[in-house]
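Coordinate-derived values only; no laboratory data. Just so it is clear, the model here is predicted, and its values are computed rather than measured. Cβ placement follows ideal geometry from the backbone for every residue including glycine, while neighbour counts extend to all protein chains displayed.
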Amino acid sequence: MEVRECSAVLLLLSLLLPLGLPVLGAPQHLICDSRVLERYILEAKEAENVTMCCGEGCSFSENITVPDTKVNFYAWKRMEVEQQAVDVWQGLALLSEAILRGQALLANSSQPSETLQLHVDKAISSLRSLTSLLRALGAQKEAIALPAATASPAPLRTFTVDTLCKLFRIYSNFLRGKLKLYTGEACRRGDR
């Protein structure tokens, strides 16, 4: 009986031990693994595609303010990482507010679709996860610790959307644009 118990413990240890060891070649921060961000981008693109054909059922009763996702690549490359962090944090915060407002407006509509509600809920969850991943990367500290000698960041450019499709398009573009550019640069830095 003792031999069986001992071999069962050894088997269990051999299964669990590798879980505690670091994986060679794994990025220090989860967001630095391109597959992680690509998963969020794919979910955002799916939500955008689903809402493309919903027509009037996806219109909001009011306009929602969202961040402008256009990127001037020349200006972006010349920005300090701290300024990029500020731009991404402000955009992420505004986008989170916009998705939450869209969720509330969708809930108040006459017949909210379960599919649309599912995509909105997934977007909210994804934005919370992305916020946590960026916080672990140190983006929030960089955004707060903008050097005094640096010119204050330009105010966040915004515009409004009136449909769920446009909201998800902005969400998808933000992830594929500013967020991906920022995380790529932040992950390449030697102190990460």
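Based on the mean of other beta carbon atoms within 10 Å per residue, what is the order of 58-65, 70-77, most packed first?
Ranked from most to least packed, the peptides come out as 58-65, 70-77.
Sequence neighbours fewer than 8 away in the same chain don't count; with that in mind, list the lysines whose C-alpha is under 19 Å from Lys178.
List returned: Lys45, Lys70, Lys77, Lys141, Lys166.
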